[in-house]
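In what follows, a structure is listed as structure tokens, so that the remarks can point back to it.
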Amino acid sequence: MALRSLNLPGIGTKYEFETDKGDTVAIFFTKTGTIQMYTLQKGCKTPSAAEMTPVEARRLGNILTGAIIDADQESVEIAFSALADLRVTIHTFYIPKTVAGKTIEDLQIRAKTGATVIAVCRQDKNIINPAPSFVFEDGDAALVIGESDQIKKFEREIMVE
């Protein structure tokens with residue numbers, strides 16, 4: 001299962017490998033920013049194709065590497081084997097009206113749940129590492145990190161509507 005790469009002038013880069021069963025998988029990173037994936041089953045002459053945005057390609061990569069994706073609200077679990085099998089979960093929550101107008105400090109998020117808000121997206125603007133004085137607004141998307149049980153506790157105790 002050797003991975004081959006080829007620079008295609010004016011097009012982008014192609015990565016290709018053959019599976020143990022003899023199927024071929026090719027991924028093209030195009031100069032236009034899209035990612036194309038082709039599969040050709042052994043014995044077939046016509047490949048199947050899918051074109052993805054970089055975000056969609058990363059989502060596919062998460063799925064293929066075993067990260068957990070929740071279809072309703074994204075959640076990804078990452079395992080670090082070099083750190084005593086540490087597992088952290090990163091989850092996106094949409095801030096309800098009951099939380100709007102309150103700060104991270106008012107909610108005592110870390111003290112109550114152990115989880116940490118690492119970013120907030122508000123009207124297509126990202127606020128990375130918001131301060132304790134950050135005030136949530138209805139509809140904000142908050143990116144929260146912690147162990148799985150901390151994320152569940154955040155959902156139960158903070159995201160109450």
Flagged in segment 99-113 as among the basic types (Lys, Arg) and open to solvent by less than 60 Å² (accessible area, probe 1.4 Å), in numbering order, are none
Selected residue (criterion: modelled with the lowest pLDDT) from residues of segment 29-44 that are open to solvent by less than 70 Å² (accessible area, probe 1.4 Å) and polar (S, T, N, Q): 34
Checking 90, 104 in turn, the sole residue that is closer than 30 Å to residue 37 by Cβ, modelled with pLDDT of 70 or more and either in contact with a helix residue (DSSP H, G or I) (Cβ under 9 Å, 6 or more places away or on another chain) or among the aromatic types (Phe, Trp, Tyr) (or both) turns out to be 90
Scope segment 45-79; condition open to solvent by 70 Å² or more (accessible area, probe 1.4 Å), in a loop (DSSP other than H, G, I, E, B) and at pLDDT 75 or above; matching residues: 45, 46
Looking only at segment 10-22, which residues are outside any strand (DSSP E or B), modelled with pLDDT under 90 and open to solvent by less than 90 Å² (accessible area, probe 1.4 Å)? 19, 22
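The values are calculated or read from the model by the stated rules, or taken from the named source; none is laboratory data. Worth saying up front: this structure is predicted, and the values here are computed from it rather than measured. Glycine also receives a Cβ, built like all others from the backbone with ideal geometry; neighbour counts cover every protein chain displayed. Accessible surface areas use protein heavy atoms only, side chains included; no ligands, DNA or RNA. Shrake-Rupley method; radii C 1.70, N 1.55, O 1.52, S 1.80 Å.
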